[in-house]
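Written out below as structure tokens is the structure these notes cover.
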Amino acid sequence: MVQCDCEHLQTFFLFFGKNSFKKMDYPRPCGCKGRRTCLACEKEYNFDEKSFITKYKNLKYYVFCYKCIKIYAGDNVTATIGSHPEHGAQIGIEFPGVFVSPDFISANEENALMTGIDSLPWDISQSGRRKQNYGPKTNFKKMKLAHGTFRGFPEYSEFVQERFKDVPLLADFQTIEQCSLEYNPDKGASIDPHIDDCWIWGERVVTVNCLSDSVLTLVRYTGDPKRYNLPLVESYASQLRSPLASEEQLNGFNDVLIKVPMPNRSLIVLYGSPRYQFEHSVLRTDITSRRVCIAYREFTPMYLKNGESFEKSEPIFQTAKSFWLDEISAQ
């Protein structure tokens, strides 16, 4: 919902036209559209606080300890990790499906990675972010996949994909999309709660975090069961690496918010229940300085070898083996 005084209302109509409120899906100059907002458009159009932010303030906070794969009551990520293994005599709750590997890349490797990233053009994105996306063309609503202009991945990032092979959880991970996302606190950058699409993106949601520590927020999803193409998960649930939680198990998380630490230079992987039954987000309050993450996605089983749609994805797999040196970065 948008509230505007007369001056804002005039500006709002000039930008969106007479049917302004029906045209919220059109991108604004800042790159946001619909319910996605950044500091610039919030100031311009006086947006109300988002409903999920209001809800989150009333939840019980827990922190995920990646050293013992359990969650503990509290909201101080640093204190929770620092108190391992005693955790102040708290009894933790098992929470499988989240993997965090601190120091996955070195400081020198991070510098090289950022030099490569910043040598290439950025595109504006929603919620104050910028992005660089490398992957096939996808239409989530129509469930259509096309090779498009995909030509592989930038050479500077090849070592990251190679290192996945040293992580047992990712030993057979086949990257088919790589996306760099920049979060700048000056823009109020964030990403709203969501579940990565379940038609095309596979079980493991992989992120390499650079430049600053941050937090991934998880909350049980209780919305439209058809959203995010979630019904398709049933067709490949038997192939998941970690089983989905039962309704009874999920009910224990109804009023819970889980903070997952994302240390600088770390690797984070969501799979199983946290990937499919919880929405994840990065809140504005958890972006204190420039953060760049590199997100990696794999195909769902239907697009893998021996899957019913492999003929559509095979050319993409071939292209995904390529790493190019862009002329801009070579100068």
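Would it be correct to say that TYR221 is more than 27 Å from ILE81 (Cβ to Cβ) and either under 15 Å from the mean Cα position of the chain (by Cα) or assigned by TED's automatic domain parsing to the domain that holds VAL167 (or both)?
Criteria not met by TYR221.
Which one is farthest from ALA320 (Cα to Cα), of the residues in segment 122-173 that are free of Cβ contacts under 8 Å to residues at least 40 places away in the same chain and of a type in the set (A, V, I, L, M)?
Of everything passing the filter in segment 122-173, ALA171 is farthest from ALA320 (Cα to Cα).
Of all residues in segment 139-175, count the ones that are in contact with an Asp or Glu (Cβ under 8 Å, 6 or more places away or on another chain) and of a type in the set (S, T, N, Q).
The total comes to 2.
Regarding segment 156-169, can at least one residue be identified that is assigned to a loop (DSSP other than H, G, I, E, B) and surrounded by 17 or more Cβ atoms within 10 Å (Cβ to Cβ)?
No, because not a single residue in segment 156-169 is assigned to a loop (DSSP other than H, G, I, E, B) and surrounded by 17 or more Cβ atoms within 10 Å (Cβ to Cβ).
Which of the helices (runs of 4 or more DSSP H) found entirely inside segment 1-88 contain at least 2 residues meeting this: modelled with pLDDT under 90, surrounded by fewer than 16 Cβ atoms within 10 Å (Cβ to Cβ) and not assigned by TED's automatic domain parsing to the domain that holds ASP103?
Once the helices (runs of 4 or more DSSP H) in segment 1-88 are filtered for at least 2 residues that are modelled with pLDDT under 90, surrounded by fewer than 16 Cβ atoms within 10 Å (Cβ to Cβ) and not assigned by TED's automatic domain parsing to the domain that holds ASP103, what remains is 6-16.
Do any strands (runs of 3 or more DSSP E) lying entirely in segment 249-331 carry at least 1 residues that are acidic (Asp, Glu), and which ones are they?
The strands (runs of 3 or more DSSP E) meeting that bar are 278-282.
The values are calculated or read from the model by the stated rules, or taken from the named source; none is laboratory data. What you are looking at is a predicted structure, and each value in this text was computed from that prediction instead of being measured. Ideal geometry is used to build each Cβ from the backbone, glycine not excepted, and the neighbour counts take in all protein chains shown.
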